[in-house]
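Quick notes on the structure that follows.
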Amino acid sequence: MLSIILKRLTQSVVVLFLVALISFLIFRYVGNPVDNLLGQEATVQQRAALEEALGLNQPIYEQYFDFVWSALHFDFGNSYRGALPVAELISSRLPATLELAFMSALFAIIIGIITGVYTAIRRNSFLSKFILSISLIGVSLPTFLIGVLLIWLFAVELKWLPSFGRGETIQLGWWSTGLLTLSGLKSLILPSITLGLYQLTLIMRLTRSEMLEVLDQDYVRFVRALGLSNKQVHFRHALPNTLIPVITIAGLQLGSIVAFAIVTETVFQWPGVGLLFINSVYFVDIPVMSAYLLLVGGLFVIINLIVDLLYLIIDPRIRDNQLIGKA
Amino acid sequence: MKQPLLNLNNISVTFKTRRQDFKAVEDLSLTLKEGEILGLVGESGAGKSITGAAILGLIPSSGNLSSGEISFKGQRIDKDPKIVRGSKISMIFQDPLVSLNPLRRIGDQLIETIQTHSPCSRTEAYDRAIKSLEEVGIDQNRFNAYPHTFSGGMRQRVVIALALAPQPAIIVADEPTTSLDVSNQAQILSLLKKLCKEKRTSVILITHDMGVISQTTDRVAVLYSGKLVEIGITQAVLKNPRHAYTQSLVRSTPRIERGSPKQPIHQIPDSKSKLCPDSKVLIAEDLTREFDLSPTWFYHKFNVHKQRRVLAVDSVSFSINKGETYGLVGDSGSGKSTIAKMAVGLLRPSSGQITVNGENLNSSTISHRQSQRIRRRIQMVFQSPYASLNPRWKIGSILAEPIRVFGLSSTKEEEQNRVFELLDQVGLSKSDVEKYPHEFSGGQRQRISIARALASKPEIIICDEPTSALDVSVQAQVLTLLKELQREFSLTYLFITHDLAVVSTMANKIGVLNQGRLIEEQSSELLFSKPQHEHTKMLLDSAPKLDIA
Amino acid sequence: MNRFLKSDFFYDFLRAPIAVASFVVVSTLILLALLANFIAPTNPFDPASLNLMNGFTAPMEPNAFTGEIFLMGTDDQGRDLFSAILFGLRVSLFVGLMAVLLATVIGVFLGLIAGYIGGWLDSLIMRLADIQMTFPSILIAMLIYGVARGVLPPELRDEMAITVLILSIGLSEWVSIARTVRGSTLVEKEKEYVAAARLIGLNHSRIMIRHILPNVLSPVLVIATITLALAIIAEATLSFLGVGAPPTKPSLGTLIRVGQDFLFSGEWWILLFPALTLLALALSVNLFGDWLRDTLNPRLK
C-alpha cells in the first residue's frame, strides 16, 4: 500500500517536472523575450544588458532550475502586455474560474450519475430513450454553441438571466466570491450549465454502460440466482462496482472542466484565468501562457493523484496489490 | 405417482439475431425428482446452459422463453421466477473467478444471502454462515476475506456455500468445474455430490464432459442442437446408448487405456526407429526458462521492486526418436507450452538447450540462412483453431506463405499445386483456397493449421494441445488425421496436452511435467499401468473417466 | 465490391435508418463543400463583389435598398451567408479531415510499434500518451497553436493559420488512436497466427505490416470517425475563440463568432445558419461513428 502511494507520488513529481520543462522551453525559446521587451530596434548593448539581467546567458539547466525555483515562489515574470506580474494577474482571476468549475462539476456529477443509473436499470423505458437521444445531440454540440444558444434563449429572448460577467462579487480576503450575492448566483447558472453539460453526458453514458456491463457479470447473475431483490442487486452489488470507473473518470474530468472553462469564459466574458489564457494565446503573451500551463498542469497532476488514491481506498483488489503490473 | 420436484413442459427458448429468430431450446420436457442428480450433457451450443438459465428466469436479454411452462412442486414459476430464486432453486456458474462480487467480503455476501431468505438476527445469520463455510471446507478465519484472495477451487467452494446457504431444494450447476484444474475438478465434484446427497438437494449438472456425467449423476439427459435426444439412468445410457448422437458421444470420449493387451496403444509400428536409438531428432538438455514478473521495464531495470522471478521450466531433459510421438502432460502452468515455444525458437532458454538434429535454433551466432534451414524442419500446430489463422487472409495465402518464404517452389503454378496438394492431404477441397478462416468450423480450421505446418515438409511437428478446443467427436477425427499423416510422412511429434486420455492414444513415450519439472518419464504402457510418481497417480485418479460397470 | 454489397455490414447499414440518414447528410455536406465554387452565388471573400448596401438583409426578404434576395440573408458587410457557409464548410471539413489523417498516421505508427516491440520504447510512448491524456486535447491544440504563432514571424501567421490548425488538432488527437492500436496489437501479437508467422522466420516489420496491421484497423476506423467529429468541433471552437481560421478564410466557427455579435440587435440569421450547419455536420458524423462502433464492435455497446 505505502509503496504504491510512493510510486504514484514519484510519478506525479516526474510529470510535474516534465510540464515545467515544457513551459520553460516555451517561455525561453518561443517569442524571444528580449525582442518582446525591447522591440526590434534596440542596440546590441541594450540587448546584452537585458540578457545579463534576465540571466539568459547562463547555462540552460541553470536557467531551468531558476525557472522552477521562481515558479515555486509564484514568480512567473511579467506579462508582456501591461507589464503586470503574471502571478498577480492569475491570482486575481483564479477564484472566478474555480467557482465556475466547482458548480459545473457538481451539476455534472449529480445529474450524470442519476440519469446514468436510471437509463441502465430502465433501459427500455421511453424516458431513457429520450434522455439518450438528447445526450447524443449534447455531445455533438460544441460547448461554445451551447453557451451562445443559452444566451439567446435565456438572456436575449426571455431576459431571465444575465448574459455575461460575474454579477456582484464580495471580497473575502484575496478571494472574490460570487456565491454570496443573488446577481452572482444568477450569473453562475448559464455558464455552469454550459460548462457542465458535456461532462454530464459523458458521466451519464459512462455510468450507464458500466452499469449495464456489471449487470451482465456472472456475480450479478449469481446473486440474482440466489434470490436477492432487485433493489439489493442494483444498489448493493451493481452500483459500487459501477462507481469505481465512474469516479475515476469523473475525477479526471475535473481537470478538463478547468481547461474547458477557457471556452465558456470567452462566451460569457467570465473574468477567469481561461479568458486570460486565450488572450495571451492571441497576443502571444508567452509568460502568461507558460504560467497557465504550469498552473493547469499542477492542478491536473494533483487531481490525478487524489483520484488514484481514492481508487486505492475503494477497491480491495488494488489495495492488496493484486492488479498492479497486470492491468 | 409422486409429483416431480421440477417439471419442464415443452419449453422453447428463442433468441433474436440479426437476420432471423433462432431457437436455442426446442420443445424440451424434463422432470427432476427429489434428491436426484440429473446430468444435462451436450456439445457447446446444444442449449444446455440456456435450459439451466431458463429455470431461474435468467435468460440473457436478447432471448426469451417463447413457449412451454416450468413448475416447481406443481406451482408454475416461469411467469415469476423470483419466488423460487435462491430460496427453492439456486445456481452455480462456470467461472468462479467472476461469480463473486469483488468488492464484498465473502462473509457479508453469505450473511446477506441468508438474511434475504430467512429473517433472522445478524448473529444467527453469522453462525449459519460460518457453518456453511465449514461444510465446504473453508476455514472460518477467512470469513472477512475478499474473493480475490482465494484460488479458483476455493472460490468455487465459496460459491457452493452461497448457493446452499438458503437451503434450496434444487441447485442448477452450469459447468461448475470446467475452468478448474483436473485435481480441483474431482474434489469440487465430490464435494457437491456429498453435500447434496446429505441435504437431499436435487442437482441439475450441466456439462459437456461424459466423464463427469458418468461419475456424478444418477440420470442423464442428452441434448443435441436444442432438442432432447435421449434420457435415462446414467449407467444404462452409457452402456447402451440408443440415439446415434449419444453413441458417437460415448464412443469418441477418449478413455485412458491402461495397457490393455487387446488394444495396441499406439498404432505406429515403426520398429525401425526403435531398433536404432541413435536417431534422436529432438533433444532437450537441462532446458530451463525463467520469467521475470517485475511489473515494467522501468522497475525491472532500476530494481525498484524486488524482482519476481518464476521458474517456468526447470532443467528438463528428454529426447525424441525419429518417427515417434513423445507426449508431454501436465496441468496448466506446468511449463509445457514454454517448452514448445523454446523448441521452435519463439523463446530463448535461460540455460540449457534444445536441438533439432544437433542444430540449435536458439544459438546467438546462428545466421538467418541457417535458422531458416532448421525452421523448415520443425513446425507447429497450435491450440486455438480461432487464433491460429490470420482472419484477414484467405486460406490460399495462409498456406502459400511458408512455401514462398522457404523458397520451396519456383513458379506460381507450382506453388498453387502444392497448396491444393496440402488441402487434399488434410481432407479439404481445392475450392477452399478462396475462403476466409471464419467460414470454417473449428475442426476444419485445425486441419488448415495442420496443412500449414506440413507446407514446409517438416520432419518434426510440435502439437500444442491441438484438440483441447474441439468438441469430442471432432477431436477424434483430428487425432486420426494426425496419426495418418505421421505414418505417411514418417513425422516425429512432440505432443503436448493436459488430457491423459488423448495422450494415451497418441504417444509412445510420455513425460509428466509438474511445476516446470519433468517428474516422470515412461513408455505409455508403463505410465498408465504402473505410475511411479505421486503426482502422476493423482492425475490418473482424478481424470474423469467413463465407468461402464 | 460485390462481396461488400452482400456483407453483413452492408445489410446492417441498410437496416439502420439513423446510419443511412447520417451518412447521407455527411456525404451531402462534403459534396456541397467540394462544389462550393460552382454552387455559391457569390464569392464571399472577393471584396469587389460585396455591396455594403446589402448589409443585414434578412433571409428570403428583398433588401430595402437594392431589392436583392438572399437565401440565408447577409451579414453586416452585405456578404451572402449561404455562400459564406459553403466556403466555411469547406475549410472546416478540410481541417477536420487532414487533422484526423495526421492523427491516424501518427497514432497507428506509434501504437503498432509500442505494442509490438514493447520494452522501453513502449514505456516511453505510452508515458508520453498518458501525460498528454491528462490534458484535454483542446488545451493541447491551443498551446500548440500559441507556440506556433510565437515561432512564426507575424507576417506569416495568417497565411500559415490553416496548416497550424491542422498540426495542432492532429497532434492533440493521436493518443486515443495510438492506445487503441497498441491495445489491439498486444492482443493480436499473442495470437497463434503471429507465432506461426515467426515460425517460418518472417522478420518483425513484415509481421507488423502484413499480419498485424490489417487486424487492428477496424477499431481504428471507428475511432477515426469519432475523432473526425471531435476535430471538427475543436476547429470550430478554436476559430470561435479567434485562435483558428483567419478572417480571410473563415470556417463555420469564425462565422458563428461573427454571428454572436449580432444576437442582441436581432439579426439572428447570421448566427443561426452557420450554427445549424455545424450541428448537422458534427451530429451526423457522431451518429455514424456511434453506429460503426456498435456494429463492428458489439461488445462496446
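The values are calculated or read from the model by the stated rules, or taken from the named source; none is laboratory data. This structure is a prediction, so every number in the text was calculated from the model and none was measured. All Cβ positions, glycine included, derive from the backbone under ideal geometry; neighbour counts span all protein chains shown. Heavy atoms of the whole protein, side chains included, go into the accessibility calculation; ligands, DNA and RNA do not. Shrake-Rupley method; radii C 1.70, N 1.55, O 1.52, S 1.80 Å.
Here are the numbers:
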{"quantity": "Hypothetical label at residue C:58: residues of segment C:237-273 whose amide nitrogen lies under 12 Å (7 Å Cα-Cβ projection)", "calculated": "C:266-269"}
{"quantity": "Buried solvent-accessible surface, both chains (C, A), 1.4 Å probe, Å² to nearest 100", "calculated": "3600 Å²"}
{"quantity": "Cα centroid separation, segment C:169-197 to segment B:94-135 (Å)", "calculated": "42 Å"}
{"quantity": "Protein-protein interface of segment A:219-237, residues with accessible area decrease of at least 40 Å², isolated chain reference, 1.4 Å probe", "calculated": "A:219, A:221, A:222, A:224, A:225, A:226, A:227, A:228, A:236, A:237"}
{"quantity": "Alpha carbon centroid spacing (whole Å) that separates segment C:210-248 from segment C:114-153", "calculated": "15 Å"}
{"quantity": "Percentage relative contact order, segment C:126-283, counting C-alpha pairs under 8 Å, at least six apart", "calculated": "20 percent"}
{"quantity": "Distance between modelled label sites at residue C:264 and residue B:534, nm, 7 Å Cα→Cβ extension", "calculated": "8.9 nm"}
{"quantity": "Listing of segment B:68-107 residues, each with accessible area lower by at least 10 Å² in the full protein assembly than in the chain alone (probe 1.4 Å)", "calculated": "B:82, B:85, B:86, B:90, B:91, B:93, B:98, B:99, B:101, B:102, B:103, B:104"}
{"quantity": "For chain A, projected area of the alpha-carbon convex hull averaged over all directions, nm²", "calculated": "22.0 nm²"}
{"quantity": "Exposure of residue B:117 as accessible area (Å², to 10), given a probe of 1.4 Å and all protein chains", "calculated": "50 Å²"}
{"quantity": "Largest to smallest accessible area among C:94, A:67 [probe 1.4 Å]", "calculated": "C:94, A:67"}
{"quantity": "All-pairs Cα distance distribution in the protein assembly as shown, expressed in whole percent, bin size 10 Å", "calculated": "2, 8, 14, 18, 18, 16, 12, 8, 4, 1, 0, 0"}
{"quantity": "Compactness relative to 2.2 N^0.38 Å, alpha carbon Rg of segment B:112-195", "calculated": "1.10"}
{"quantity": "FRET efficiency, residue A:18 to residue C:12 (Cβ-Cβ, R0 56 Å, nearest 0.05)", "calculated": "0.80"}
{"quantity": "Rounded accessible area per residue of segment A:179-273, 1.4 Å, Å²", "calculated": "32 Å²"}
{"quantity": "Total accessible area lost when A and B pair, probe 1.4 Å, Å² to nearest 100", "calculated": "2700 Å²"}
{"quantity": "Residue B:380 accessible area, 1.4 Å probe, all protein chains in place, Å² to nearest 10", "calculated": "10 Å²"}
{"quantity": "Interface area, C with B, accessible, probe 1.4 Å, both sides summed, Å² nearest 100", "calculated": "2500 Å²"}
{"quantity": "Chain B, accessible surface, carbon-and-sulfur percent (1.4 angstrom probe)", "calculated": "48 percent"}
{"quantity": "Along principal axes, Cα extents of chain C, largest first, whole Å", "calculated": "81, 51, 30"}
{"quantity": "Cut-off 18 Å, label 7 Å out along Cα→Cβ of residue A:102, residues of segment A:145-174 by amide N", "calculated": "A:166-174"}
{"quantity": "Average accessible area per residue (Å²) across segment B:51-210 - probe 1.4 Å, nucleic acids and ligands excluded", "calculated": "38 Å²"}
{"quantity": "Relative contact order for segment B:386-455, counting Cα pairs under 8 Å that sit 6 or more residues apart, in percent", "calculated": "47 percent"}
{"quantity": "Two-site FRET efficiency, residue B:218 against residue A:123, from Cβ-Cβ distance with R₀ of 51 Å, rounded to 0.05", "calculated": "0.80"}
{"quantity": "Segment B:42-103 shape via C-alpha gyration tensor axes, a/c threshold 1.5", "calculated": "oblate"}
{"quantity": "Sulfur and carbon atoms: percent of accessible area, chain C [1.4 Å]", "calculated": "68 percent"}
{"quantity": "Of B:197/B:239; B:483/C:189; B:48/B:509; B:194/B:509, pairs whose Cα-Cα distance is over 29 Å", "calculated": "B:483/C:189; B:48/B:509; B:194/B:509"}
{"quantity": "Gaussian network model of chain A, Cα within-10 Å springs - most flexible of A:303, A:137, A:193", "calculated": "A:137"}
{"quantity": "Residue A:61 versus residue C:248: modelled label distance in nm, points set 7 Å from Cα along the beta carbon direction", "calculated": "4.6 nm"}
{"quantity": "Rh (Kirkwood; distinct C-alpha pairs) - segment A:87-272, Å", "calculated": "18.0 Å"}
{"quantity": "Selected from C:137, C:265, C:284 as most flexible by GNM, with chain C as the system and alpha-carbon contacts under 10 Å", "calculated": "C:265"}
{"quantity": "Helix-only [θ]222 nm of chain A, DSSP H runs n ≥ 4, -39500 (n - 2.57) each, per residue, nearest 500", "calculated": "-24000 deg cm²/dmol"}
{"quantity": "Alpha-carbon centroid distance for the pair segment B:187-240 / segment B:484-517, whole angstrom", "calculated": "30 Å"}
{"quantity": "Net dipole in debye of the protein assembly as shown [+1 Lys, Arg Cβ; -1 Asp, Glu Cβ; about Cα centre; nearest 20]", "calculated": "3600 debye"}
{"quantity": "Percentage relative contact order, segment A:87-272, counting C-alpha pairs under 8 Å, at least six apart", "calculated": "36 percent"}
{"quantity": "Along each principal axis, Cα extent of segment B:386-455, largest first, Å", "calculated": "32, 20, 19"}
{"quantity": "Residue-normalised accessible area of segment B:386-455, given per residue in Å² at a 1.4 Å probe", "calculated": "43 Å²"}
{"quantity": "For chain B, calculated [θ]222 nm from helices alone, where every DSSP H run of n ≥ 4 adds -39500 (n - 2.57)", "calculated": "-10500 deg cm²/dmol"}
{"quantity": "Inter-label distance, nm, simple model (7 Å from Cα along the C-beta direction), residue B:69/residue A:73", "calculated": "8.8 nm"}
{"quantity": "Residue with peak Gaussian network fluctuation, chain A [Cα springs, cutoff 10 Å], from A:267, A:246, A:44", "calculated": "A:44"}
{"quantity": "Theoretical ellipticity at 222 nm over chain C - DSSP helices of four or more residues, -39500 (n - 2.57) apiece, nearest 500", "calculated": "-23000 deg cm²/dmol"}
{"quantity": "Dimensionless Rg/Rh of segment A:129-173 - Kirkwood Rh, Rg from C-alpha atoms", "calculated": "1.18"}
{"quantity": "Magnitude of the charge dipole, segment A:188-327, Cβ model with Lys/Arg +1 and Asp/Glu -1, debye to 20", "calculated": "520 debye"}
{"quantity": "Pairs beyond 26 Å (Cα-Cα), from B:322/B:537; B:341/B:435; B:322/C:191; B:23/B:82", "calculated": "B:322/B:537; B:341/B:435; B:322/C:191"}
{"quantity": "Taking all pairs of distinct alpha-carbon atoms in chain B, Kirkwood radius in angstrom", "calculated": "26.1 Å"}
{"quantity": "Accessible area (Å², 1.4 Å probe, nearest 10) - residue C:127", "calculated": "120 Å²"}
